[in-house]
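The values are calculated or read from the model by the stated rules, or taken from the named source; none is laboratory data. Everything numeric in this text was worked out from a predicted model, so none of it was measured. Cβ atoms come from the backbone with ideal geometry, glycine included; neighbour counts cover every protein chain shown.
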Amino acid sequence: MYETIEERTRELAAFVLETKGTVRAAAAAFGVSKSTVHKDLSERLERFDRPLWLQVRAVLDRNKAERHIRGGLATRRKYRGE
């Protein structure tokens, strides 16, 4: 497991930056809840590594802005039977 919460938070941040992934994808990859990922990346990371937090924040903000598009595409696939 992780030695500290800070270590887990840094690894989550690295994952999100590397993959440009969502909170949901990070939660699945690390076996933690979406709430944990969100708290780690939006609150805890800012306290001990603000430059890294700013980079992660940019990715999360982009994902948030695009989520309605991903949701619409998923709905289209669902009803088309894809």
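At-a-glance table
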read-out: Some residue of segment 41-60 being among the small types (Gly, Ala, Ser) and either modelled with pLDDT under 95 or not in a helix (DSSP H, G or I) (or both); value: yes
read-out: Residue identified as surrounded by 16 or more Cβ atoms within 10 Å (Cβ to Cβ) and hydroxyl-bearing (Ser, Thr, Tyr) among Thr4, Thr22; value: Thr22
read-out: Residue list for segment 6-45, filter: more than 10 Å from the chain's Cα centre (by Cα), of a type in the set (A, V, I, L, M) and within 21 Å of Ala65 (Cβ to Cβ); value: Leu45
read-out: Answer residue from segment 25-82, given it is surrounded by 13 or more Cβ atoms within 10 Å (Cβ to Cβ) and of a type in the set (Phe, Trp, Tyr) and is farthest from Ala13 (Cα to Cα) among those; value: Phe30
